[in-house]
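I have placed the structure first, in the form of structure tokens, so that the comments after it can refer back to it.
The values are calculated or read from the model by the stated rules, or taken from the named source; none is laboratory data. Quantities reported herein were computed from a predicted structural model and do not represent experimental measurements. Here the Cβ is made from the backbone with ideal geometry for all residues, glycine too, and neighbour counts use every protein chain on show. The area values use the complete protein model at the heavy-atom level, side chains included, leaving out ligands, DNA and RNA. Shrake-Rupley method; radii C 1.70, N 1.55, O 1.52, S 1.80 Å.
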Amino acid sequence: MAKHDDPAAPPATPGNPLGGDLFGGMLEIQGEMTRSVLSAFGNLAVPDWGSSPQAALAKPWETFAGSLRDLWSAPGAAAAPASAGIAQWLEQPEQWRAVVEGWYRALPLADGQTREQMLADGLALWENLLSQFAAGDAKGAGASLPRKDRRFADPRWREQPVFALIHQCYLLLSEQLLSLADKVEGLDPAEHDQLVFATRTLVEALSPANFPLTNPVVLDKIIETRGENLVKGMDHLLADLGKGRLTHADESAFELGRNLAATPGKVVHETPLYQLIQYSPTTETVAETPLVIFPPWINRFYILDLTPQKSFVRWAVDQGISVFMVSWKSADASMADLMWDDYIRAQIDAIDVVRARLKVPAVDAIGYCVAGTTLAATLAILARRGEGGKVRSATFFTAQVDFEQAGDLKAFIDDRQLAVINSLATDGYLDGRYLAATFNLLRSSDLIWNTVIRNYLLGEEYPAFDLLYWNGDTTNLPARWHQSYLKDLYRDNLLVQPDRLEADGTPIDLSRIAVPCFIQAGVEDHIAPPQSVWRMTRHLKGPWTFLLAGSGHIAGVVNPPAANKYQYWTNPAERADYDSFRKGAEEHPGSWWPIWRAWLADLGERQVAAKGKRAPGGRGDKVIEDAPGRYVKTP
């Protein structure tokens with residue numbers, strides 16, 4: 001991918017953008033703090049955990065702290081010193097007031113009035129809760145708490161004053177810190193977003209639910225199991241350390257080709273970059289125009305072919321569509337020099353192979369996430385070459401082309417962050433576990449700390465959940481492509497500037513795209529925010545339909561009709577902007593897949609017999625292997 005008239009970028013400075021052993025320092029500080037806090041609240045009706053629970057739990061906690069630090073911190077980083085001498089100030093509950101006042105007065109705030117207001121809010125909360133417990137009003141269902149959070153939904157967070165105080169003060173301070181970060185002045189938009197993201201990540205990491213000595217559910221579990229939960233949790237932790245990533249699902253419960261990626265089909269074409277799968281028809285006739293699906297190469301293709309009940313592929317085949325799927329190869333050293341041009345050429349190649357195989361003039365195409373962004377570039381290139389007729393329609397699943405409002409991922413896109421990412425590449429490719437960790441950070445409460453609590457602290461077994469299994473099945477990325485993509489699209493937003501980029505020798509101008517486009521976004525998408533996805537509509541020449549699905553980047557797409565879940569919104573009359581669309585949109589229950597199928601049929605649908613090469617692997621049809629093929633199983 002070449003750039004035209006690209007100004008020189010400022011030099012990058014290598015280094016850890018967060019600096020030091022972030023998680024290790026937090027864990028050590030939190031461990032000392034929680035031991036001291038619990039020891040100070042011995043006279044506040046804390047459950048009977050033995051004569052000295054903090055002493056009994058100190059050793060397991062230290063083991064957990066060290067292991068968690070090993071898992072999350074960068075190699076060789078220096079740990080932050082643990083806090084010391086806290087317990088002497090916390091011998092009596094009323095001394096909390098002085099401690100809290102000290103915390104707030106120590107905040108590095110230039111505005112004294114803001115600091116004093118935060119202090120007043122904090123003290124009011126403490127006095128409210130302490131007065132409820134002192135008066136006996138908090139018995140039974142627990143105290144009446146001003147702040148709710150699903151991390152603290154268990155009644156045990158409300159029934160004992162120590163835990164009510166700890167988590168309510170955490171929520172208050174979190175709220176205040178996030179508000180302060182949002183109001184910081186003098187930053188450009190990118191720096192502001194980075195500050196807010198970093199603050200939120202730190203706040204989520206320091207939740208008292210994440211640590212055994214401040215989580216009453218974990219403490220009760222230790223007593224109930226006599227510490228067996230810690231033993232199981234340590235087994236899980238050590239296994240994850242060995243894999244170098246978090247485990248989210250029972251990996252023994254799934255097998256590709258058996259209960260995942262199991263829709264029958266054949267690999268009918270193969271290159272060093274991708275395999276092309278054609279699925280076997282289940283209807284006597286099929287639509288003449290076949291469908292080619294381009295999934296993101298950041299993940300495995302079977303997100304669209306999960307268990308049979310959730311499989312978009314199986315559903316589309318049952319709808320009488322000839323479905324082809326591209327299965328990208330996970331990058332290795334042989335793919336070190338791959339660039340965006342190679343993926344665009346691969347999309348064009350797949351389109352041509354399907355057209356020639358079925359002897360049709362055009363295909364319908366779907367591009368998901370980064371493959372949707374690439375499909376837009378492919379369409380623009382075909383249009384510039386006078387070959388736009390090869391694609392009859394294009395559907396985009398949560399795909400962005402205009403990255404001005406690209407959401408939290410932009411927090412990782414500046415010269416310093418890019419230098420760090422580049423330093424992680426080995427033999428020309430980036431280990432997929434790094435990218436998985438990045439996406440996990442975007443939803444750290446759910447994808448990091450929930451796992452820490454359930455599987456490490458409580459020692460629970462992993463669920464047999466297909467979506468989480470897929471989420472952990474990472475793929476490697478060509479480092480050159482990845483750097484170029486982040487710089488040119490996320491940082492510099494060049495794709496929407498006509499002819500600023502070129503691929504395979506052809507300038508890219510999205511305004512040349514004239515094929516009908518169906519654009520789907522997820523209302524809760526944190527990777528491709530719906531406001532950002534909507535902006536694609538500003539750059540197309542041809543007709544388009546925008547649909548907003550319930551949920552996010554994955555569940556918003558993978559929502560089969562039989563599940564009867566979520567909802568979607570339509571507003572065909574509104575074309576001005578996303579906010580106007582949202583304001584006047586009509587909500588519909590359930591899956592949006594049938595609406596997309598109807599849109600496809602409205603483009604014109606001649607039926608042909610599902611025989612010959614419409615049924616892959618028949619007499620005289622030379623195929624390579626059964627679906628799902630080898631590439632999806634390549635590490």
Could you check the stretch 392-418 and list, in sequence order, the residues that are closer than 30 Å to ALA356 by Cα and either of a type in the set (Phe, Trp, Tyr) or in a strand (DSSP E or B) (or both)? ARG392, SER393, ALA394, THR395, PHE396, PHE397
Here is a list: THR307, THR263, THR289, THR282. Which entry is hydroxyl-bearing (Ser, Thr, Tyr), touching a helix residue (DSSP H, G or I) at 6+ places or on another chain (Cβ under 7 Å), under 23 Å from ALA615 (Cβ atoms) and open to solvent by 20 Å² or more (accessible area, probe 1.4 Å)? THR282
Let me confirm something: among THR474, THR451, which residue is modelled with pLDDT of 90 or more, within 16 Å of the chain's Cα centre (by Cα) and not in a helix (DSSP H, G or I)? THR474
Of the residues GLY389, GLY320, which single one is under 23 Å from ARG597 (Cα atoms) and in a loop (DSSP other than H, G, I, E, B)? GLY320
Which pairs do you get when a residue that is free of Cβ contacts under 8 Å to residues at least 40 places away in the same chain, found in the stretch 373-392, comes within reach of a residue that is open to solvent by 30 Å² or more (accessible area, probe 1.4 Å) and not in a helix (DSSP H, G or I), reach meaning Cβ atoms under 7 angstrom, with the pair 6+ apart or on two chains? GLY389/PRO361
Looking at the stretch 541-558, which of its residues are open to solvent by less than 30 Å² (accessible area, probe 1.4 Å) and either free of Cβ contacts under 8 Å to residues at least 12 places away in the same chain or out of contact with any strand residue (DSSP E or B) (no Cβ under 7 Å at 6 or more places or on another chain) (or both)? ALA555, VAL558
Options PRO146, PRO108; residue that is within 23 Å of LEU180 (Cβ to Cβ), at pLDDT 75 or above and assigned to a loop (DSSP other than H, G, I, E, B): PRO146
Taking the options ARG575, ARG538, name whichever one is outside any loop (DSSP other than H, G, I, E, B), surrounded by fewer than 16 Cβ atoms within 10 Å (Cβ to Cβ) and over 19 Å from the mean Cα position of the chain (by Cα). ARG538
Working only within the stretch 412-440, note down all residues that are closer than 18 Å to SER532 by Cβ and under 14 Å from the mean Cα position of the chain (by Cα). PHE412, THR438, PHE439
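Here's the yes/no breakdown for (1) hydroxyl-bearing (Ser, Thr, Tyr); (2) in contact with a Cys (Cβ under 6 Å, 6 or more places away or on another chain); (3) under 24 Å from ASP499 (Cα atoms):
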residue	(1), (2), (3)
ALA346	no, no, yes
ARG357	no, no, no
ASP364	no, no, no
THR373	yes, no, yes
GLY386	no, no, yes
VAL391	no, no, yes
THR395	yes, no, yes
Index of the failed condition, ILE527 passing every other in (1) in contact with a Lys or Arg (Cβ under 7 Å, 6 or more places away or on another chain); (2) in a loop (DSSP other than H, G, I, E, B): (1)
Flag if PHE412 is out of contact with any Gly (no Cβ under 9 Å at 6 or more places or on another chain), aromatic (Phe, Trp, Tyr) and surrounded by fewer than 24 Cβ atoms within 10 Å (Cβ to Cβ): yes
